[in-house]
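Notes to accompany the following structure.
The values are calculated or read from the model by the stated rules, or taken from the named source; none is laboratory data. What you see is a predicted model; the values in this text were computed from it and never measured. Positions of Cβ are generated from backbone atoms using ideal geometry, with glycine treated the same way; all protein chains shown enter the neighbour counts. Accessible surface is based on the protein model in full, side chains and every heavy atom, while ligands, DNA and RNA are left aside. Shrake-Rupley method; radii C 1.70, N 1.55, O 1.52, S 1.80 Å.
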Amino acid sequence: MEQRWGLLRRVQQWSPRPSQTIYRRVEGPQLEHLEEEDREEGAELPAQFCPMELKGPEHLGSCPGRSIPIPWAAAGRKAAPYLVLITLLIFTGAFLLGYVAFRGSCQACGDSVLVVDEDVNPEDSGRTTLYWSDLQAMFLRFLGEGRMEDTIRLTSLQERVAGSGRMATLVQDILDKLSRQKLDHVWTDTHYVGLQFPDPAHANTLHWVNADGSVQEQLPLEDPEVYCPYSATGNATGKLVYAHYGRSEDLQDLKAKGVELAGSLLLVRVGITSFAQKVAVAQDFGAQGVLIYPDPSDFSQDPHKPGLSSHQAVYGHVHLGTGDPYTPGFPSFNQTQFPPVESSGLPSIPAQPISADIADQLLRKLTGPVAPQEWKGHLSGSPYRLGPGPDLRLVVNNHRVSTPISNIFACIEGFAEPDHYVVIGAQRDAWGPGAAKSAVGTAILLELVRTFSSMVSNGFRPRRSLLFISWDGGDFGSVGATEWLEGYLSVLHLKAVVYVSLDNSVLGDGKFHAKTSPLLVSLIENILKQVDSPNHSGQTLYEQVALTHPSWDAEVIQPLPMDSSAYSFTAFAGVPAVEFSFMEDDRVYPFLHTKEDTYENLHKMLRGRLPAVVQAVAQLAGQLLIRLSHDHLLPLDFGRYGDVVLRHIGNLNEFSGDLKERGLTLQWVYSARGDYIRAAEKLRKEIYSSERNDERLMRMYNVRIMRVEFYFLSQYVSPADSPFRHIFLGQGDHTLGALVDHLRMLRTDGSGAASSGLTAGLGFQESRFRRQLALLTWTLQGAANALSGDVWNIDNNF
């Protein structure tokens, strides 16, 4: 009996007292906390009062209902057992209810109880809990303390041609800055690469030539330092022809108009395609050489914005590829014995940039049909005829130099998955001042290093390692980035999660573009909704686009171009990548790759909004890094590639009738696509129904997710022969684009040159089609199999 009365007295101590404790949210300088407030019994509760629940920060404002007070009878000897029973039942029910709610809302549990929103994960330091909103606020607070504009200005004043002596000084300056940050590792690696430079003793020249072949008047090239790296050297003589942007369709139009291209010198405009693509297409059509000039009509005509001087030529390499073209597929480390091979992307014809003034003189000499209206530019006095014109002789004397280049690395190790890297990089070198080309990216990179270092000092630790890289040799075709990938390819495809490029990130302040892998589209959409537009007050970047375009991704998302370091990560190494860019609404940034790419011109071009735009890019990149390095489950949308295949299959369906007449079918591609979609959906369901706090299980899922991009590298072609093995983004006969180009020959006579480098005049070949179909089908099927998981889970009833 005494035991019952003792238990009764303890239960009565747990019963409601005449006062209640109410918890309300109080904002503090670091983390939110709860303040106690006592009220007398019977006092009315505040309207916003919510009893405490296990919920994430975004749910704290909601009030699901008020608890019902427990009825209590008068104390007595007979009531004691019932009181104990009722108390135990309530306690058990509350515990079970809380456990169920906890499992549904918690993604990560470490040394302390961590409860978060379903979209984000908290930081687990063992002592404190950082929610996504806390991390976001911490990141923005430390980011706002930097002065990126000063770094842009100072960097653009330094000469930093790849491999130069002054570049070595900049490398040491950056290493000194990194040594003052809270980083786990800082190091450099050096590659010895073949770069091409002008010969100071023998300048490149351009002359008119008489009909008898004698050299006449020389056309002055205003700046002998402007050239096309990796151009073929020697002489090229031919009649001048105006070829618009030098695209394959432009040259096809010239042939249709009866203009002879074989043996000619083509005059083409800067823009639309890269210098390397222009020269490759010209070579395919039999041209002897290429002259590339900037037409004023391709740049902004706004009188309030600066424009490119008419005597300025534009620099650009002409290697159709990335990395050192004299060691294709091999890393250019010192003492490496290379086979005597060169990249197939090196041109066999010379190319030279010229100014608008020189192009004006050339165009006035042309005869032949008048160019279509859309081909005409804004060179005053030029009739823009197609040609041919008088003979020209182009002499290119560039020479190759073995040059050491250095990449700089800084790392913050992850606490849970340190062997998985989230990589962010920016080109450091520049031909000329390079304010927009590389000073902006370098400034943002250094600021992000400083910001994340400050966050680490204040309790943040990423789950995965953050790897910050400053690249050298970018102006020669992402040489530093590609050589690093070639040197560590066997490691990086297993460990690199995502690559974020900061190159060319601020070329205006109007439109925003994200050149990216499909895996990152959903994450980019989420981040855009959290970053304010730099030029539309009160709107996020997502709202800026969505309010005027019903399909935001059609306006923002673009494929990765070959002249980006991000392209090498995806098409060569199979790592999903993204490159952000703010652009002008109407025209391209006119000073890129010129000596007028100065801080002053960039500042004038953005009309004083340079700091705001740079800040927006830094916020985008930083919040992307937090999500990728911090979420328990990698936020990569592996189902997106099913949609990509479906879009391309629409192009293939156009030729199903033609193939059927030949007894051929595309059914195997359709089946492989279906298998991939089913595998993606199965994995999505597995993840949805799994225990999110199971570290081993989450790691297994992350490994499968992060390798999806790698699965689309064709395992049936050699990396040395076809370095860009990606079947959607790559180059070569194994790609989906090459298959579509080949199928188009079913409806043509096979004349002309195809866009994927096909030899002219061969037409459709059934044996080649069957090989292309097999390469594409089994790469896609392999991706579906890998996504399915273990071999006993794969159904290849194909």
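For a test of the definition: using alpha carbon positions, the gyration tensor, and the 1.5 limit on a/c, classify segment 441-496 as rounded, prolate or oblate.
Numbers: a/c = 4.98, a/b = 1.47, b/c = 3.38.
Because a/c hits 1.5 or more and a/b fails to exceed b/c, segment 441-496 counts as oblate.
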> How would His593, His632 rank on accessible area, largest to smallest, probe 1.4 Å?
Replying inline: His593, His632
>> If I stretch the segment between Met700 and Arg770 completely, what's the gain in nm (0.36 nm per residue apart, minus their alpha carbon distance), one decimal?
In response: 21.6 nm
> Between Ser231 and residues 5 or more places away or on another chain, which pairs have amide H atoms under 5 Å apart, with H built 1.01 Å from N, and which residues are they?
Replying inline: Val318
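Mind checking the full-extension length gain between Thr190 and Ser718? Use 0.36 nm per residue of separation minus the Cα-Cα distance, one decimal, nm. Walk me through the intermediate numbers first.
Numbers: separation 528, 0.36 × 528 = 190.08 nm, distance 2.61 nm.
Result: 187.5 nm gained on full extension.
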> Per the 1.4 Å probe, what fraction of the accessible area of segment 231-383, in percent, lies on carbon and sulfur atoms?
Replying inline: 48 percent
>> Using each residue's phi in segment 523-533, evaluate 6.51 cos²θ - 1.76 cosθ + 1.60 at θ = phi - 60° and report the 3J(HN,Hα) Karplus result to the nearest Hz, with x for Gly and Pro.
In response: 5, 4, 4, 5, 5, 4, 6, 10, 10, 5, 5
>> Using protein chains only and a probe of 1.4 angstrom, how many square angstrom of Ser453 are accessible, to the nearest 10?
In response: 10 Å²
> Where only protein heavy atoms count, and the probe is 1.4 Å, what is the accessible area per residue for segment 215-367 in Å²?
Replying inline: 39 Å²
> How many nm separate the modelled label positions at Gln252 and Ser380, each set 7 Å beyond the Cα in the direction of the Cβ?
Replying inline: 3.8 nm
>> Given a 1.4 angstrom probe, I'd like the percentage of the accessible area of segment 492-607 that is carbon and sulfur, rounded to a whole number.
In response: 51 percent
>> For a quick check of understanding: with a 1.4 angstrom probe and all protein chains in place, what accessible area in square angstrom does Ser457 have, to the nearest ten?
In response: 70 Å²
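Between Glu686 and Trp792, take the C-beta separation as r, use R0 = 22 Å, and let me know the FRET efficiency to the nearest 0.05. All intermediate terms of the calculation are to be shown ahead of the outcome.
On the way: r = 15 Å, r/R0 = 0.66.
For Glu686 and Trp792, the calculated efficiency is 0.90.
Can you list the chymotrypsin sites (Phe, Trp or Tyr not before Pro) in segment 604-688 that are in a DSSP coil and have 11 or fewer other beta carbons within 10 angstrom? Can you show the working numbers first?
Numbers: sites: Phe638, Tyr641, Phe655, Trp668, Tyr670, Tyr676, Tyr688; in loops: Phe638, Phe655.
Nothing satisfies the criteria.
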> Taking θ as phi - 60°, what are the ³J(HN,Hα) couplings along segment 630-647 by the Karplus curve (6.51, -1.76, 1.60), each to the nearest whole Hz, with x for Gly and Pro?
Replying inline: 10, 5, 4, 9, 4, x, 9, 8, 5, x, 4, 5, x, 5, 4, 4, 4, 5
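Cross-link list Lys305/Lys595; Lys305/Lys511; Lys257/Lys376; Lys182/Lys495: which exceed 19 angstrom alpha carbon to alpha carbon? Numbers along the way, then the final one.
Numbers: Lys305/Lys595 17 Å; Lys305/Lys511 17 Å; Lys257/Lys376 16 Å; Lys182/Lys495 23 Å.
In this structure, Lys182/Lys495 exceed 19 Å between Cα atoms.
Just the number, please: percent antiparallel of the DSSP beta bridges in segment 174-295, rounded to the nearest 5. Could you put the intermediate results ahead of the total?
Working: 4 of 12 bridges.
In segment 174-295, approximately 35 percent of DSSP beta bridges are antiparallel ones.
Want the number for Lys604 to Ser297: 0.36 nm per residue separation, take away the alpha-carbon distance, what's left? Working shown, then result.
Working: separation 307, 0.36 × 307 = 110.52 nm, distance 1.96 nm.
Once the chain is fully extended between Lys604 and Ser297, it gains 108.6 nm.
What accessible area per residue, rounded to a whole number of Å², is obtained for segment 480-564 using a probe radius of 1.4 Å? Don't jump to the answer; show the numbers that get you there.
Working: 2910 Å² over 85 residues.
It amounts to 34 Å² per residue over segment 480-564.
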> How would Arg141, Arg400, Arg627, Arg461 line up by accessible area, probe 1.4 Å, largest first?
Replying inline: Arg400, Arg141, Arg461, Arg627
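Under 13 Å from the Cβ of Pro390, count the other residues' Cβ atoms, weight Lys and Arg +1, Asp and Glu -1, and hand me the total.
My count for the surroundings of Pro390 gives +2.
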> How much area per residue is accessible in segment 575-657 when the probe is 1.4 Å and only protein heavy atoms are counted (Å²)?
Replying inline: 30 Å²
> Residue by residue through segment 687-698, which ³J(HN,Hα) values in whole Hz follow from phi under the Karplus form 6.51 cos²θ - 1.76 cosθ + 1.60 (θ = phi - 60°), with glycine and proline marked x?
Replying inline: 5, 4, 9, 8, 7, 6, 9, 8, 4, 5, 5, 4
> How much of the accessible area of segment 411-489, probe 1.4 Å, is carbon plus sulfur, in whole percent?
Replying inline: 50 percent
> Once the whole set of protein chains is in place, how much accessible area is left on Arg463, using a 1.4 Å probe, in Å² to the nearest 10?
Replying inline: 10 Å²
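Based only on Cα atoms, what Rg/Rh ratio does segment 537-613 have, Rh being taken as Kirkwood's radius? Please list the in-between numbers first.
Working: Rg = 15.5 Å, Rh = 15.2 Å.
Here the Rg-to-Rh quotient is 1.02.
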>> Given a 1.4 Å probe and heavy atoms of the protein chains only, how would you sort Trp375, Trp187, largest accessible area at the top?
In response: Trp187, Trp375
